[in-house]
Each structure stands twice: as C-alpha cells, then as structure tokens.
Amino acid sequence: MLATLPSCRVTMDWAQDVLFPEAERGERVVVCMRSAPYWGLGKQRRYGVSLFAPATERGGHMLKKGEDDLAIRTDVVAAIRAALARR
C-alpha cells in the first residue's frame, strides 16, 4: 500500500538512485535497520563500501548472536566511526 503513495515512491526512487549508490561508493554510510526487503535490500548484507542491512531484532537493535551477526555489526560500527572521524 505504501509503495502506491507518490511521496513514498519519490523517497524510494531517491534512495535507490542516489543514496544507496553513494553509500556503495563510500561517500556516505547508510544502515537500513528496518524493512530491508521493502527498500530492495537483503537482510544481513553489506553492499559496496558502506551500505548495510544488518539482521535486527524486533526492537530494531542489530543482532549479535552468530558469527555473521558479529561480523556485520563490527563493519557497521567501524564505518560509522570512520565517517565521524572524517568530519
């Protein structure tokens, strides 16, 4: 239903055409914490340099149960810290 609203469509197009490619190139960090499939992303994935879709719990916190969860969590934290250090 949301995808049919013009404002949602504009937001989705901008994210997929501008925001996500910039993150994949490392120009910004994007962490999709909710509804990754809705945004066209798979769960527990890293795309390019700094576009992440980590597995999350229902409350929106990144999971840290398995080895894969810890690996992507570590990458997300490192990418955010590096981006903040460049400011």
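Just so you know, all these numbers are worked out from the coordinates, no wet-lab data involved. Quantities reported herein were computed from a predicted structural model and do not represent experimental measurements. Here the Cβ positions follow ideal geometry from the backbone for every residue, glycine too, while neighbour counts run over all protein chains shown.
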Cβ pairs under 8 Å, 6+ apart or interchain, first in region 62-87 and of a type in the set (A, V, I, L, M, F, W, C), second part of a helix (DSSP H, G or I), ordered by first then second residue, are M62/D69; M62/I72; M62/R73; M62/V76; L63/D69; L63/R73
Taking region 58-84 and the residues there that are of a type in the set (D, E) and within 15 Å of the chain's Cα centre (by Cα), the one that is surrounded by the most Cβ atoms within 10 Å (Cβ to Cβ) would be D69
The lone condition V18 fails out of (1) under 22 Å from R87 (Cβ atoms); (2) surrounded by 14 or more Cβ atoms within 10 Å (Cβ to Cβ) is (2)
Flagged in region 33-87 as assigned to a helix (DSSP H, G or I) and in contact with a Ser or Thr (Cβ under 7 Å, 6 or more places away or on another chain), in numbering order, are A79
